[in-house]
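Every number here is computed from the coordinates shown, using simple stated rules; none is lab data. Remember, it's a predicted structure, so these values are computed and weren't measured experimentally. Cβ atoms come from the backbone with ideal geometry, glycine included; neighbour counts cover every protein chain shown.
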Amino acid sequence: MKTTRKNRNFITLILAVITLLLLIFILLFYFSREEKGSDVAPTQSEALDIPFKKQGELAFIEQQNGDTLTRIDIEVADDVDARARGLMYRRSIPENAGMLFIQEVEEIQSFWMKNTFIPLDILFVDTNKRIVTIHTHTATEKEWNYASTEPALYVVEVNAGFSERHGIDTGDRIEFTLLK
């Protein structure tokens, strides 16, 4: 009888372990499918047609003589969600438009182009509104970082080549006004 009781206990234990493993497998499968479904980003062909929303104006000022090089309309990213999203998933932005990122702290800033389908120029600007770093013609949909070479509080993204077309260089400044 001792052998039979041991066998029953052993079989019960094995069935409990198998049931537990099966339950864990089902839960892992369910949650991994749910995460994949909600985390799938649009491909370039599925890019969203997000309209540009003018929230202000920005001028690029030449460092030597203070002349205005050009002006653009800006969309503003000044909270965590807007800064994280940036220009991701967009098909285009107008030629004389861009996005102004207002960071919380002046420090070395770093941006990437993951899920960004528009080639951009990325301009990093310090608290004195002086352009400290420019990355031109950034590669789209890449996960490597484009970083400032000095601490920056603001970042401006414009269409690729914009800086060259308008003679914008490091040392130049920006001035902006936000719409209410």
- Between ILE50 and ASN65, with labels modelled 7 Å along Cα→Cβ, what's the label distance in nm to one decimal, could you check? 3.9
- By how many nm would the segment from LEU28 to ARG5 grow when fully extended, if each residue of separation counts as 0.36 nm and the alpha-carbon distance is taken off? 4.8 nm
- Helix 2-39 sits off the longest principal axis of the Cα atoms of the chain, rounded to the nearest 10 on a 0 to 90 degree scale, by 20
- Query: Gaussian network model of the chain, Cα springs within a sub-10 Å range: biggest mean-square fluctuation belongs to which of VAL156, VAL132, VAL17?
  - Reply: VAL17
- Query: In square nanometres, what is the average projected area of the Cα convex hull of region 47-178?
  - Reply: 7.0
- Query: Of GLN109, GLN55, GLN64, which has the largest mean-square fluctuation in a 10 Å C-alpha GNM of the chain?
  - Reply: GLN64
- Item | Cβ-based charge dipole, region 47-178, positive-most Cα from TYR89, ALA160, LEU178 | TYR89
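Treating only the Cβ of Lys, Arg, Asp and Glu as charged (+1, +1, -1, -1), what charge dipole size does region 47-178 show about its Cα centre? Round to the nearest 20 debye. Intermediate results must be reported in sequence, preceding the final value.
On the way: 13 positive and 23 negative charges, 73 e Å.
The dipole magnitude comes to about 360 debye.
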